[in-house]
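Novice: Handing you this structure, nothing more for now.
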Amino acid sequence: MASFAVSLEIVKRGKPFTDGEYVKDCFICASEELFLEFKNKAKIMKKIKDLPLSAKTVQDRTAKMSSNVTHVQVEDIQVASDLSLAIDES
């Protein structure tokens with residue numbers, strides 16, 4: 001789920017999918033200091049390092065989220081009792 005959260009933030013800002021690796025690298029660097037005194041630091045760092053954030057993964061996560069939005073919209077339209085449509089003729 002974390003890869004979906006990061007992917008969503010990347011696409012919301014219009015950044016390239018390749019920024020996933022950059023975000024991961026930043027997170028690893030910051031985490032080294034943030035979790036310095038945590039007893040389970042090694043476990044936390046492993047989870048971060050194992051986080052899939054390649055450009056392909058970010059692209060796939062984005063496509064899945066987009067597909068889900070489309071699916072939910074179609075379902076909502078199918079069960080709607082009324083439908084209003086506004087058309088801009090400009």
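Novice: Please list 3J(HN,Hα) in residue order for segment 61-67, calculated via the Karplus relation 6.51 cos²θ - 1.76 cosθ + 1.60 where θ = phi - 60°; whole Hz, with x for glycine and proline.
Specialist: 4, 5, 4, 5, 5, 5, 4
Novice: Distance between Cα centroids, segment 43-80 to segment 2-26: provide it in whole Å.
Specialist: Value for the Cα centre distance between the two parts: 12 Å.
Novice: If packing is taken as the average number of other Cβ atoms within 10 Å across a peptide's residues, how do 55-62, 82-89 rank, most packed first?
Specialist: Numbers: 55-62: 17.5, 82-89: 4.2.
For the peptides 55-62, 82-89, the packing ranking is 55-62, 82-89.
Novice: Another question, if that's okay. Taking a spot 7 Å from the Cα of ILE87 along the direction of its beta carbon, which residues of segment 52-74 have an amide N less than 17 Å from it?
Specialist: Under cut-off, by backbone N: nothing.
Novice: Count charges around LEU8 for me, please; just the other residues with Cβ under 12 Å from its Cβ, Lys/Arg as +1, Asp/Glu as -1.
Specialist: In short, +4.
Novice: Report, to the nearest 10°, how far helix 19-34 tilts away from the longest principal axis of the Cα atoms in the chain, using its own Cα long axis and a range of 0 to 90°.
Specialist: Its long axis makes an angle of about 40 degrees.
Every number in this text was worked out from the coordinates using simple rules, so none of it is lab data. Here the structure is a predicted model, which is why all the values come from computation and not from measurement. Cβ coordinates were reconstructed from backbone atoms using ideal geometry, including for glycine residues, and neighbour counts include every protein chain displayed.
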